[in-house]
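Q: I'd like to ask you about the structure that follows.
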Amino acid sequence: MATERDDQAPGGSGAQEGARGGTETRLQRGAGQAPTGPQVLTGANVVLPTGTVKGGQLAVEGRRITGTPPAGARRIDVTGHWLVPGFVDIHNHGGGGASFSGTAEDILTAIRTHRAHGTTTLVASTVTDEMDLLVRQAGLLSELAEQGDIAGIHFEGPFISPCRKGAHSEELLRDPDPAEVRKLIDAARGKAAMVTLAAELPGGIDSVRLLAEHGVIAAIGHTDASYEQTVEAIDAGATVATHLFNAMPALNHRAPGPIAALLEDERVTVELINDGVHLHPAALELAFRHAGAERVAFITDAMDAAGTGDGRYMLGPLEVEVSEGVARLVEGGSIAGSTLTLDRAFQRAVTVDKLPVEDAVTALSANPARLLGLSDRIGSLEPGKDADLVLLDADFALKGVMRQGEWVVAPQLP
Ligand SMILES: [Zn+2]
């Protein structure tokens, strides 16, 4: 990978040791690295917010997309390929053998792994753990968010239902006490992006309100809520369904539960894990038909094994066995996150689920960018926005990744 890191930046004395770890680790371009010169990608199917332009071109200057090709720009012929916006993942626990619950080094490994698969923006997700550890991890992750390496922090747990705990430690779960929710928001120092909680638990609705007031996304998930309780949570300000269908009661005709409430409400965006394991294709189609592409966000919910291979891994404090790409808890056998990367989610959406390319782009880039409040900068290929883009071949296999005008994966052309 072309990215580099300054592990030994100056000034990292003992002054900041302790909870925050005082990391100076960086993933951003190093001081002496020459910026990529202006370039124009030509001949591609360029997926714009207004539709796909066949045989179109896209010009990049510095870190941004530009309307007119700059003089002297390098021309790269990508005829027959697709150009789509960089993917945005709002729910991701790790990859490349490392997790967002680990050290700064681990976090950077996970970021780098997903970038190589087209995810140019991601929110780092934690899993249920001791509050003290979550507070400490929030401090570390907030530093990386400040450096621009991640777009924010998603706390998945501990405020979730023991009935729907999935791969979270039951003994560490707790009711969503607003004071404790507040503690996590504060520890994230302005970088808390989302909290997944079970709003039917005591303190749930007040916690949703608190999150909404602080501009943090309240996401309903790992929940045993009824339809009515879910409606109440949405009215209180919840706007995301954490991996819809997974870790919540199934749709039942007499007790429709959270799925119906989350799907029908225009204010809610539903996360879907499109790995062919977490969802039957018909469930995915149901969600798309009902919510429309504008209200779907494809996520990975990836754990350490994403971008690596089968074997034993940790998910927070729990041991996970990955076999044939499916991650399951060693104890109990629950599905424990995915090994998905968003390039595969995209390819599957278009080739298996037969979604229009434009809808896949909406669900992988535009919607999550909007949710994060970053639409002015990322999420679509438009002049003035960051040159975050993914180059795909005619079969939608990844052939290049550019982030902020620099090739993370150089174009692999025939
Ligand atoms: Zn998750």
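The values are calculated or read from the model by the stated rules, or taken from the named source; none is laboratory data. What you see is a predicted model; the values in this text were computed from it and never measured. Here the Cβ positions follow ideal geometry from the backbone for every residue, glycine too, while neighbour counts run over all protein chains shown.
Q: Here are some residues: 84, 78. Which one is of a type outside the set (S, T, N, Q), more than 16 Å from the ligand (Cβ to nearest atom) and in contact with a helix residue (DSSP H, G or I) (Cβ under 8 Å, 6 or more places away or on another chain)? Quick ask: steps written out before the conclusion?
A: Values: 78 fails: in contact with a helix residue (DSSP H, G or I) (Cβ under 8 Å, 6 or more places away or on another chain).
When all the criteria are applied, what remains is 84.
Q: Tell me the residue from 111, 107 that is away from the ligand (no atom under 13 Å from the Cβ) and farther than 30 Å from residue 59 by Cβ, please. Working first, answer last.
A: On the way: 111 fails: farther than 30 Å from residue 59 by Cβ.
Going through 111, 107 in turn, the sole match is 107.
Q: Another question about this same structure. Out of the residues in the stretch 146-181 that are charged (D, E, K, R) and either within 14 Å of the ligand (Cβ to nearest atom) or not assigned by TED's automatic domain parsing to the domain that holds residue 108 (or both), which is modelled with the lowest pLDDT?
A: Initial filter on the stretch 146-181 (charged (D, E, K, R)): 146, 149, 156, 164-165, 170-171, 174-175, 177, 180.
Filter once more, keeping what is either within 14 Å of the ligand (Cβ to nearest atom) or not assigned by TED's automatic domain parsing to the domain that holds residue 108 (or both): 156, 164-165.
Working: 156: 96, 164: 91, 165: 87.
Of everything passing the filter in the stretch 146-181, 165 is modelled with the lowest pLDDT.
Q: While we're on this one: Looking only at the stretch 250-264, count how many residues are buried (at least 19 other Cβ atoms within 10 Å of the Cβ) and on the phi < 0 side of the Ramachandran plot. First the steps, then the outcome.
A: Taking the stretch 250-264 as the starting set, the residues that turn out to be buried (at least 19 other Cβ atoms within 10 Å of the Cβ) are 257-259, 261-263.
Next, only the ones that are on the phi < 0 side of the Ramachandran plot stay: 258-259, 261-263.
The total comes to 5.
Q: Additional query: Does residue 126 satisfy being closer than 16 Å to residue 314 by Cα and β-branched (Val, Ile, Thr)? Reasoning before the result, please.
A: Numbers: closer than 16 Å to residue 314 by Cα: yes; β-branched (Val, Ile, Thr): yes.
Yes: the conditions hold for residue 126.
Q: Suppose we keep only residues that are aliphatic (A, V, I, L, M) and surrounded by 24 or more Cβ atoms within 10 Å (Cβ to Cβ) within the stretch 327-350. Which one would you say is farthest from the ligand (Cβ to nearest atom)?
A: In the first step, residues of the stretch 327-350 are kept if they are aliphatic (A, V, I, L, M); the result is 327, 329-330, 335-336, 340, 342, 345, 349-350.
Of the ones still in play, those that are also surrounded by 24 or more Cβ atoms within 10 Å (Cβ to Cβ) are 327, 336, 340, 342, 345, 349.
Numbers: 327: 11, 336: 9, 340: 11, 342: 14, 345: 14, 349: 19 Å.
The residue in question is 349.
Q: Which one of 270, 320, 296 is at pLDDT below 95, among the β-branched types (Val, Ile, Thr) and surrounded by 14 or more Cβ atoms within 10 Å (Cβ to Cβ)?
A: Details: 270 fails: at pLDDT below 95; 296 fails: at pLDDT below 95.
It is 320.
Q: Now for a different question. Would a scan of the stretch 382-393 turn up a residue that is of a type in the set (A, V, I, L, M), at pLDDT 95 or above and either closer than 18 Å to residue 273 by Cα or out of contact with any strand residue (DSSP E or B) (no Cβ under 6 Å at 6 or more places or on another chain) (or both)? Step through it out loud before you land on a result.
A: From the stretch 382-393, those of a type in the set (A, V, I, L, M) are 387, 389-392; that's our starting set.
If we keep only those that are at pLDDT 95 or above too, we end up with 387, 389-392.
Add one more test, that the residue is either closer than 18 Å to residue 273 by Cα or out of contact with any strand residue (DSSP E or B) (no Cβ under 6 Å at 6 or more places or on another chain) (or both), and what stays is none.
The answer is no, given that none of the residues of the stretch 382-393 is of a type in the set (A, V, I, L, M), at pLDDT 95 or above and either closer than 18 Å to residue 273 by Cα or out of contact with any strand residue (DSSP E or B) (no Cβ under 6 Å at 6 or more places or on another chain) (or both).
Q: Next question. Select from the stretch 310-326 the residues that are free of Cβ contacts under 8 Å to residues at least 40 places away in the same chain and within 16 Å of the ligand (Cβ to nearest atom) and list them in ascending order.
A: The answer is 322, and nothing else.
Q: Could you say whether any residue in the stretch 200-209 is over 17 Å from residue 176 (Cβ atoms) and assigned by TED's automatic domain parsing to the domain that holds residue 123? Quick ask: steps written out before the conclusion?
A: Quick first cut of the stretch 200-209, residues over 17 Å from residue 176 (Cβ atoms) only: none.
The answer is no, given that none of the residues of the stretch 200-209 is over 17 Å from residue 176 (Cβ atoms) and assigned by TED's automatic domain parsing to the domain that holds residue 123.
Q: Which of the residues that make up the stretch 41-74 are more than 19 Å from residue 393 (Cβ to Cβ) and part of a strand (DSSP E or B)? Lay out the reasoning, then the answer.
A: Our first condition is that a residue be more than 19 Å from residue 393 (Cβ to Cβ); within the stretch 41-74, this holds for 48-51, 59-74.
Hits for the stretch 41-74 are 48, 51, 59, 60, 61, 64, 65, 66, 74.
Q: Scan the stretch 214-224 and give yes if some residue there is in contact with a helix residue (DSSP H, G or I) (Cβ under 6 Å, 6 or more places away or on another chain) and surrounded by fewer than 22 Cβ atoms within 10 Å (Cβ to Cβ), otherwise no.
A: Within the stretch 214-224 (the criterion being in contact with a helix residue (DSSP H, G or I) (Cβ under 6 Å, 6 or more places away or on another chain) and surrounded by fewer than 22 Cβ atoms within 10 Å (Cβ to Cβ)), the answer is yes, since at least one residue qualifies.
Q: Okay, next question. Being of a type in the set (S, T, N, Q), touching a helix residue (DSSP H, G or I) at 6+ places or on another chain (Cβ under 9 Å) and closer than 22 Å to residue 344 by Cβ narrows it down to one of 142, 99, so name that one.
A: Working: 142 fails: closer than 22 Å to residue 344 by Cβ.
Within the list 142, 99, the selection yields 99.
Q: Among 391, 398, 364, 355, which is the only one that is outside the structural domain of residue 58 (by TED's automatic domain parsing) and either over 24 Å from residue 219 (Cα atoms) or free of Cβ contacts under 8 Å to residues at least 60 places away in the same chain (or both)?
A: Values: 391 fails: outside the structural domain of residue 58 (by TED's automatic domain parsing); 398 fails: outside the structural domain of residue 58 (by TED's automatic domain parsing); 364 fails: either over 24 Å from residue 219 (Cα atoms) or free of Cβ contacts under 8 Å to residues at least 60 places away in the same chain (or both).
It is 355.
Q: While we're here: Going residue by residue through the stretch 351-365, is there one that turns out to be under 19 Å from the mean Cα position of the chain (by Cα), on the phi > 0 side of the Ramachandran plot and surrounded by fewer than 23 Cβ atoms within 10 Å (Cβ to Cβ)?
A: For the stretch 351-365, residues under 19 Å from the mean Cα position of the chain (by Cα), on the phi > 0 side of the Ramachandran plot and surrounded by fewer than 23 Cβ atoms within 10 Å (Cβ to Cβ): absent.
Q: Can I ask one more? Can you tell me which of 184, 197, 140, 134 is among the hydrophobic types (A, V, I, L, M, F, W, C) and either closer than 30 Å to residue 380 by Cβ or away from the ligand (no atom under 16 Å from the Cβ) (or both)? Quick ask: steps written out before the conclusion?
A: Details: 184 fails: either closer than 30 Å to residue 380 by Cβ or away from the ligand (no atom under 16 Å from the Cβ) (or both); 197 fails: either closer than 30 Å to residue 380 by Cβ or away from the ligand (no atom under 16 Å from the Cβ) (or both); 134 fails: either closer than 30 Å to residue 380 by Cβ or away from the ligand (no atom under 16 Å from the Cβ) (or both).
On inspection, the qualifying residue turns out to be 140.
Q: Got a sec? Which of 171, 105, 130 is free of Cβ contacts under 8 Å to residues at least 24 places away in the same chain and surrounded by fewer than 23 Cβ atoms within 10 Å (Cβ to Cβ)?
A: None of the others qualify; the one that does is 171.
Q: Suppose the filter is modelled with pLDDT under 95, within 16 Å of the ligand (Cβ to nearest atom) and touching a strand residue (DSSP E or B) at 6+ places or on another chain (Cβ under 9 Å); does residue 128 pass it? Quick ask: steps written out before the conclusion?
A: Details: modelled with pLDDT under 95: yes; within 16 Å of the ligand (Cβ to nearest atom): yes; touching a strand residue (DSSP E or B) at 6+ places or on another chain (Cβ under 9 Å): yes.
Against the criterion (modelled with pLDDT under 95, within 16 Å of the ligand (Cβ to nearest atom) and touching a strand residue (DSSP E or B) at 6+ places or on another chain (Cβ under 9 Å)), residue 128 qualifies.
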